[in-house]
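Below: one structure, written as structure tokens.
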Ligand SMILES: Nc1ncnc2c1ncn2[C@@H]1O[C@H](COP(=O)(O)OP(=O)(O)O)[C@@H](O)[C@H]1O
Ligand SMILES: [Mg+2]
């Protein structure tokens, strides 16, 4: 793939990202100038040893945590330049986020967990009007992920692999241009993780969303056409290279 012309929109584009934490009297520079552009539809593996700054970068890219410097464009929109409400909308509609430990709401059923982003995104009136269609979409996702018989289960009644499949369905309910996942198989045994990945990549081939996946799993990294490596808050490797100018 050739280098994108400047001004080209990407699914995700982070520029000049720095992040420092104040710990007591010390300043910890966790991210030291990250530039990364992910074209629409491209799956990218993000690797690097523990403490390299991968999770911090994901949270900033996913508009969950504010950078100390730099910008994040999601689908062309400068997310950290928006009001908190506008940013919440962009995060809700344009970013699918999957965590290692699922982060499902325990008191909601699988179906309700998947519908939650849609409930938040709409006014009560809009949601009522769209509910049948949204429910159909959520049930379709759950069925594709093999959970048609689990839609009324609460997270505590589901296995780890099932919980992560619910979390994937929740992340994809709005058909986001970018899916961000932090060690999505890190809490699963390898066979279960493999099955979750199979479903994730099947879905990616159908919907063509871009992905930024942090992983320690060489098999997962190998599924991505591009691997970005971080060390000490910097990008030190990019197998494709075209996006990280
Ligand atoms: N809220 C925080 N306050 C202080 N230090 C933090 C905070 N979050 C992360 N760090 C530090 O930033 C570094 C990178 O963390 P992280 O992004 O979680 O790395 P990775 O995901 O690559 O293991 C680590 O040294 C970690 O201790
Ligand atoms: Mg991490």
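The values are calculated or read from the model by the stated rules, or taken from the named source; none is laboratory data. None of these values were measured; they are calculated from a predicted model. Reconstructed Cβ throughout: ideal geometry from the backbone, glycine too, with neighbour counts over all protein chains shown.
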Pull up the range 52-63, narrow it to residues that are under 11 Å from the mean Cα position of the chain (by Cα) and in a loop (DSSP other than H, G, I, E, B), then point me to the one that is farthest from ligand 2 (Cβ to nearest atom). 63
Expected single match for assigned to a helix (DSSP H, G or I), in contact with a helix residue (DSSP H, G or I) (Cβ under 8 Å, 6 or more places away or on another chain) and modelled with pLDDT of 95 or more among 87, 73 is 87
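With touching a residue at least 24 places away in the same chain (Cβ under 8 Å), surrounded by fewer than 17 Cβ atoms within 10 Å (Cβ to Cβ) and touching a helix residue (DSSP H, G or I) at 6+ places or on another chain (Cβ under 9 Å) as the only criterion, which of 203, 183, 194 stands out?
194
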Residue 169 away from ligand 1 (no atom under 16 Å from the Cβ), within 20 Å of residue 108 (Cβ to Cβ) and either within 11 Å of the chain's Cα centre (by Cα) or not in a loop (DSSP other than H, G, I, E, B) (or both): yes
Say whether the condition of being exposed (fewer than 14 other Cβ atoms within 10 Å of the Cβ), within 16 Å of ligand 1 (Cβ to nearest atom) and assigned to a strand (DSSP E or B) is met by at least one residue in the range 27-49. yes
Reported set for the range 1-29 where residues are at pLDDT 95 or above and closer than 19 Å to residue 79 by Cβ is 10, 11, 12, 13, 14, 15, 16, 17, 18, 19
Identify the residue in the range 172-194 that is within 16 Å of ligand 2 (Cβ to nearest atom) and under 16 Å from the mean Cα position of the chain (by Cα) and, among all such residues, is farthest from residue 118 (Cα to Cα). 186
On the basis of being assigned to a helix (DSSP H, G or I), without any contact (Cβ under 8 Å) to a residue 12 or more places away in the chain and farther than 22 Å from residue 47 by Cβ, does residue 136 make the cut? yes
Does residue 185 satisfy being closer than 23 Å to residue 146 by Cα and assigned to a loop (DSSP other than H, G, I, E, B)? yes
Would you pick out the residues in the range 12-26 that are near ligand 1 (Cβ under 7 Å from one of its atoms) and touching a strand residue (DSSP E or B) at 6+ places or on another chain (Cβ under 9 Å)? 21
Considering the range 64-87 alone, what residues qualify as being surrounded by 18 or more Cβ atoms within 10 Å (Cβ to Cβ), within 16 Å of ligand 1 (Cβ to nearest atom) and farther than 21 Å from residue 226 by Cβ? 67
